[in-house]
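The values are calculated or read from the model by the stated rules, or taken from the named source; none is laboratory data. On a predicted model such as this, the values are computed, not experimentally measured, just so you know. Here Cβ is always computed from backbone atoms with ideal geometry, including for glycine, and neighbour counts include all displayed protein chains.
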Amino acid sequence: MKKRYVTNSPGLTPDLLSLHKNNDAIDYKSDKNSFFSFPCARHALYYAVEALGLKQGSEILLPSFVCNTVIPPLKRRNLKLSFIDMTKDGKVKWSHAEGLISDKTAGILWHHYLGNSDGVEEAKSFALKHGLKFIEDCAHALFSYAGKKEVGSFGDAAIFSIRKTIPVTYAALLKINNDKIKRKINVNVVDLDSAYSLHLQKTEIYHIRNYYQSISPDKEIMRNSFMDHLKEAGRFHKEPDVVFPIDELSKTVIQNADGVRIRSVRTEIYSLYEKKLKKSALFNTLRKGSCPLAFPIVVKRGRDALQKRLEKEGIETARYWPKAMLPDGVVKEFRNARWLADHILTLPCHQTMSAADAEYVCRTVNRLL
Ligand SMILES: Cc1ncc(COP(=O)(O)O)c(C=O)c1O
């Protein structure tokens, strides 16, 4: 089998570069009263708490298997966090959530894990039943639908991390759906400093590299030179209330991105994986309309070794999320969250992959498993 190089993220393709007349704002849906742009979803979350009027000291429920980047925005707003137990296939245990409700509970955050919209109605019903504000975390789910309804339209507020699905440097959204919620949000936008500008430029080059890799799958393109750079990202976005402006290239890319096509390519790649790797798949089904972020497999033994072997074979993968990326305390308290953190590996599934790439990944995974 001929070696191929498959990136974990989509590349910056030429069709994303045509210039628009009005490039002032992200202007995602021309509805400036409902959409607010931020560099990362963590900032959107910080400002969502303000918009929703969640009071200091009140409590918010969230899945125990969740990325720790959502914690600082909530803590900075002085909310108390209460984690919900999960099943081993990554679903929230609603019976456990019922037991956590107290007179202090004011909200719940629920995420479309890896873009899969399955379960959103149940989460919304739970919020309604208990009179909680519902924060719909769509960080992984740009362009996803739940059946016929767009994700991001269920929550009182919804957050998106655009950069996880399309090749932009930093771009995210807060969407407010509840008419009773205030629409004036005072965002603290700061000037770019030179270190951050350099970081943005390197990230742009990384997206271009991913494009070259996708059109030249038989030779490795500059992967190693980006590894340290990618780790650097967290340094610039530590403070959830400090918001850098969105760069011009990202705005252009967002305006050109074709959500329908992106969802369709991702769904096709995902189905190919489902056929060939069914036994290892985390989800029984991907909810119809979902725009998958990746294909999660459960590796019972030797997950990290498999990830390294795949990298040697040219295949980039990720772990959503390893133990180090879970919120403090969760690893000790929640066995299933820990189990998921230790066993999930996500295979690349994006719009600059070809069917041949996905075939190569499947064959390699099946050979190594
Ligand atoms: C479920 C979830 N929500 C929110 C975030 C935060 O997104 P961002 O990195 O854009 O702040 C992440 C980040 O990985 C995430 O996985």
ask   = Which of the following residues is out of contact with any Pro (no Cβ under 7 Å at 6 or more places or on another chain), small (Gly, Ala, Ser) and surrounded by 15 or more Cβ atoms within 10 Å (Cβ to Cβ): 264, 290?
value = 290
ask   = If you go through region 348-367 one residue at a time, how many are buried (at least 23 other Cβ atoms within 10 Å of the Cβ) and more than 25 Å from residue 14 (Cα to Cα)?
value = 2
task = Of the numbered conditions (1) under 18 Å from residue 35 (Cα atoms); (2) polar (S, T, N, Q); (3) over 19 Å from the mean Cα position of the chain (by Cα); (4) surrounded by 15 or more Cβ atoms within 10 Å (Cβ to Cβ), residue 188 fails exactly one; give the number of that condition.
result = (4)
ask   = For region 169-181, what are the residues that are in a loop (DSSP other than H, G, I, E, B) and away from the ligand (no atom under 11 Å from the Cβ)?
value = 169, 177, 178, 179, 180, 181
message = Taking the conditions exactly as written (modelled with pLDDT of 95 or more, among the hydrophobic types (A, V, I, L, M, F, W, C) and more than 11 Å from the ligand (Cβ to nearest atom)), does residue 166 satisfy them or not?
response = yes
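Among the candidates 104, 93, 32, which residue alone is surrounded by fewer than 22 Cβ atoms within 10 Å (Cβ to Cβ), away from the ligand (no atom under 13 Å from the Cβ) and modelled with pLDDT under 95?
Being surrounded by fewer than 22 Cβ atoms within 10 Å (Cβ to Cβ), away from the ligand (no atom under 13 Å from the Cβ) and modelled with pLDDT under 95 holds for just one of 104, 93, 32, which is 32.
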message = Given the options 341, 305, 355, name the one that is of a type outside the set (Asp, Glu), within 16 Å of the ligand (Cβ to nearest atom) and not assigned by TED's automatic domain parsing to the domain that holds residue 84.
response = 341
ask   = Is it the case that region 116-132 has a residue that's out of contact with any His (no Cβ under 7 Å at 6 or more places or on another chain), more than 16 Å from the ligand (Cβ to nearest atom), assigned to a loop (DSSP other than H, G, I, E, B) and under 28 Å from residue 335 (Cβ atoms)?
value = yes
query = Tell me, which helices (runs of 4 or more DSSP H) lie completely within region 200-277 with 1 or more residues that are out of contact with any His (no Cβ under 9 Å at 6 or more places or on another chain) and acidic (Asp, Glu)?
reply = 224-231, 248-256, 259-277
query = If you check 277, 282, which single one turns out to be within 16 Å of residue 360 (Cα to Cα), in contact with a strand residue (DSSP E or B) (Cβ under 7 Å, 6 or more places away or on another chain) and buried (at least 16 other Cβ atoms within 10 Å of the Cβ)?
reply = 277
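This table checks each residue for (1) under 30 Å from residue 4 (Cβ atoms); (2) among the charged types (D, E, K, R); (3) within 16 Å of the ligand (Cβ to nearest atom).
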residue: 310; (1), (2), (3): yes, no, no
residue: 324; (1), (2), (3): yes, no, yes
residue: 337; (1), (2), (3): no, no, yes
residue: 347; (1), (2), (3): yes, no, no
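So which of 60, 71, 84 ends up being outside the structural domain of residue 295 (by TED's automatic domain parsing) and within 13 Å of the ligand (Cβ to nearest atom)?
After applying the criteria, what remains is 71.
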Residue under evaluation residue 121, criteria (1) acidic (Asp, Glu); (2) within 20 Å of the chain's Cα centre (by Cα); (3) outside the structural domain of residue 63 (by TED's automatic domain parsing), criterion not met = (3)
